[in-house]
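The values are calculated or read from the model by the stated rules, or taken from the named source; none is laboratory data. Quick caveat: nothing in here was measured; it's all calculated off a predicted structure. Counting neighbours? That spans all protein chains shown, and the Cβs are built from the backbone with ideal geometry, glycine included. Heads up: the accessible areas ignore ligands, DNA and RNA and are worked out on the full protein's heavy atoms, side chains in. Shrake-Rupley method; radii C 1.70, N 1.55, O 1.52, S 1.80 Å.
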Amino acid sequence: MFPKTRMRRNRLTEGRRRLTCRITLTTDDLILPLFLVEGNGRKESIESMPGVCRISVDLLEKELEGLKIPAVLLFAVPETCKKDNKGEAALDSAGIVPPAIRQIKQIKPELVVITDVCLCSYTTHGHCGIIDEKGRIDNDASVGILAAIAKVHAQAGADIVAPSAMMDGQVKAIRDCLDKNGFIDTAIMSYAAKFASSFYGPFRDAAKSTPEFGDRKSYQLPPVNRREAIRDALLDEAEGADWLMVKPGLPYMDILNDLRQRTLLPIAAYHVSGEYIMIKHAAKAGSIDEKDVVIESMTALKRAGADAIITYYARELSEWLCR
Ligand code: PBG
């Protein structure tokens, strides 16, 4: 027996579907990652990530022209000669990221500038923290440098700093350092639940940050553990994070959803490089409809609890959504 009130979904008109639609993906949900290099007039395509380029700071104005997305996330890709064991070049206010922030604030002051705070693209060994004599990550020394980098970014005008190194206590150290230096309005978006994932491969090629030895399993989260990820994220909240992030996106939607139930902070989902290229390559092969798959994927991330989505598709997606 059917209940009398059963839904006749198969007969709903478009108007009735719109009335009950709970998730709407908009351009306002998107954050566009940008890879920045030194020099002038440089725009290099990235072999591992079709459609994504590394650009020099002077080309930012052209890059941002007509962009309708509210925020960008900046990554620096310094030359190999600038790298050392401690990633000191990240502290240079004349380096890559600080001038880029100043430039963006001049040409598009309303654009929210988020900066990646990590050592991996600045260290010769490619790890996200400093390595001690025994070849282990020196957590506390790393945290000190990360806080100093965050301060340099805040000084240049960053709205949000996004520590991605997964060092213990990094959020508290950054918050303390920012407050002590008067940057009380600079927010922290913590890569709180960042898993040791194989989906980062193309990014490491783009950012030239592949670890020279070992892997990132001693500081990034084990993909098998859900509770540990939630605990880490809640610790970051207690340390003063303004935003939490779950990364990668689609393979970790359960974590996103769990975290959504447990925090009142906004959450960003990072649809990472590996997820991006899987869609790109499948679309290039003519196997899927790129636009439909991207919109469905991002809508799913919102449904699972994301307030914002970091995606290499941000520009294309905003064009698709505005049409
Ligand atoms: C740096 C960092 C990584 C990504 C963002 N920040 C790489 C890593 O942790 O190895 C990956 C992003 C992506 O794959 O799109 N710590």
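Things worth noting here:
- Put simply, region 91-220 fits an ellipsoid with semi-axes of 25, 17, 13 Å; these come from the alpha carbon gyration tensor as the roots of five times its eigenvalues, largest first.
- Net charge over other residues, Cβ less than 14 angstrom from the Cβ of ALA300 (K, R count +1; D, E count -1): -1
- Result for the chain in a Gaussian network model with C-alpha springs under 10 Å: among VAL77, VAL143, VAL293, the largest mean-square fluctuation is at VAL293.
- Modelled FRET efficiency - R0 25 Å, LEU19 with ARG262, Cβ distances, 0.05 increments: 0.25
- Choice from LYS180, LYS43, LYS247 showing the highest fluctuation, given a GNM over the chain with Cα pairs closer than 10 Å: LYS180
- Every helix of 4 or more DSSP H residues in the chain counts as -39500 (n - 2.57), and over all residues that averages to -10500 deg cm²/dmol at 222 nm.
- Inter-label distance for LEU59 and GLN155, nm, one decimal - labels placed 7 Å from Cα along Cα-to-Cβ: 2.9 nm
- Mean Cα-pair separation over length for region 143-288, i.e. relative contact order, pairs under 8 Å, 6 or more apart, %: 24 percent
- Protection proxy ranking of 54-65, 191-202 - average other beta-carbon atoms within 10 Å, highest first: 191-202, 54-65
- Relative contact order (percent, whole number), region 163-238, Cα cutoff 8 Å, 6+ residue spacing: 39 percent
- Here's how it looks for ASP168: its modeled amide H is under 5 Å from none belonging to a residue 5 or more places away or on a different chain.
- At an R0 of 30 angstrom, the distance between the Cβ atoms of LYS284 and ALA141 translates into a FRET efficiency of 0.10.
- Portion, in percent, of the accessible area of the chain that falls on carbon or sulfur, probe 1.4 Å: 50 percent
- Within region 200-301, the trypsin sites (Lys or Arg not before Pro) that combine a DSSP coil assignment with at most 16 other C-beta atoms in a 10 angstrom radius are LYS217.
- Computed from the C-beta positions of LYS68 and ASP179 and an R0 of 35 Å, the FRET efficiency is 0.55 to the nearest 0.05.
- In loop segments of region 76-168 as defined by DSSP, the GluC sites (Glu not before Pro) with at most 16 further C-beta atoms inside 10 Å of their C-beta are GLU79, GLU110, GLU133.
- Residues of type lysines that LYS83 reaches as a straight line, Cα spacing below 17 Å, ignoring anything fewer than 8 places off in the same chain: LYS208
- Across the chain, Cα pairs under 8 Å and at least six residues apart give a relative contact order of 18 percent.
- Nearby lysines by direct alpha-carbon distance to LYS172 (threshold 26 angstrom, same-chain neighbours under 8 apart not counted): LYS86, LYS151, LYS180, LYS194, LYS217, LYS247
- Estimated distance in nm for a label pair at ASP132 and SER93, the labels positioned 7 Å out from Cα along Cα-to-Cβ: 3.3 nm
- Highest-MSF residue in the chain out of VAL294, VAL97, VAL246 [GNM, Cα springs under 10 Å]: VAL294
- Residue-normalised accessible area of the chain, expressed per residue, 1.4 Å probe, Å²: 48 Å²
- Pairwise label distance in nanometres, SER198 with LYS291, each label 7 Å out on the Cα-Cβ vector: 3.4 nm
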